[in-house]
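What follows is calculated from the coordinates using simple rules that are stated; it is not laboratory data. Bear in mind that the values here come from a model prediction, so they are computed numbers and not experimental data. Here Cβ is always computed from backbone atoms with ideal geometry, including for glycine, and neighbour counts include all displayed protein chains.
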Amino acid sequence: MMNHSRKLTTGALRSAIIIWLCGVVLSWIHAAPPRPALGVDIQTTVDSDSVTVGERLHIRYVIDHSDSLELLPLTAIETGSCHLISIRFDEEKQDRGKRKIATIEVFTLDLEEAHLPGAELRFLTPSGDTLYAVANDVTVPVRSLVAAGGELKPLKDPWEAPFDYLPVIIAAVAAVALASALYLLWRNRKRRILPEVLKPELPPDFVALMELTRIEGLKLLDEGEFKKYYTLVTDAIRKYIEKRFGIDAMDCTTGEILLNLNAIRRRVDHLEELLREADLVKFAKFIPGIEAGKRAMKTARGIVVRTTPASEPDPEVKVSVGAAGNP
């Protein structure tokens, strides 16, 4: 009887050990890393053999794979020395297999080369396993915009506008006018009908064009103040973009402004080249010359004119009338 009990105990222990080992093996199988995908072909092409600082670069992946595999969405990639703008997927019909085309749009601020590591693409099999394939790296040299014989100088702090005393003066004059009005009302001791005219809000295109005209009158180009000139011109355009399209622009980089416009599906011709040129003047001591500065002013005015609606409603002037009577 004792021997029989010992046999039962030994058998139960062996069964428990076998079940535990099976669980460990299954856990290892499910936790195993993705395996390389077989039968997947990725062709990598670039739309340009060189770029300038801030210029857009398009990398194209042509991905051919079997019908049994499903390409998983590519939501994030390693960008290396580049900055990501967008990722777009398209599909082409094939007699056999599947073909997906991924277009990646980037730009770089590196002065030597634009390097984008190969993207890792993942595929899902019918059994639920995950496979992967890696595209080729992309390296494109960066062309210099500095004139022949010139050299880039160390970066300097951005130009800061001097303190503006005009708002203080206006506030002081307004305070004196208000005190005078209160004194006259107290002395006359009677109420009158006083129309209250609300100042209309000027259209953003009118404000931008007036500011550009003011900047042009400062004659900064003739004095060689290119950095101050480009700062004022691009600030006027940034304020206009904020008012016209309702996006953040004043505290954003050039790339962030373009992304914000892309998010609302708006494209402003020549805006990118104007802002990129201003970035070089402000931060890399690039000297564009007087003629280039004049062209930048013409480009800025053109941006305002082309993005202004065909008919701008005249600003309304609202008048409210106070009560009349004697105290």
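Would you tally the residues in region 253-277 being part of a loop (DSSP other than H, G, I, E, B) and under 16 Å from residue 84 (Cβ atoms)?
Of the residues in region 253-277, 1 are part of a loop (DSSP other than H, G, I, E, B) and under 16 Å from residue 84 (Cβ atoms).
Please specify each residue of region 45-103 satisfying the condition of being touching a Lys or Arg at 6+ places or on another chain (Cβ under 6 Å) and of a type in the set (S, T, N, Q).
45, 50, 52, 103
Every residue in region 109-132 that is surrounded by 15 or more Cβ atoms within 10 Å (Cβ to Cβ), assigned to a loop (DSSP other than H, G, I, E, B) and touching a residue at least 60 places away in the same chain (Cβ under 8 Å), please.
If the condition is that a residue be surrounded by 15 or more Cβ atoms within 10 Å (Cβ to Cβ), assigned to a loop (DSSP other than H, G, I, E, B) and touching a residue at least 60 places away in the same chain (Cβ under 8 Å), then 118 is the only one that fits.
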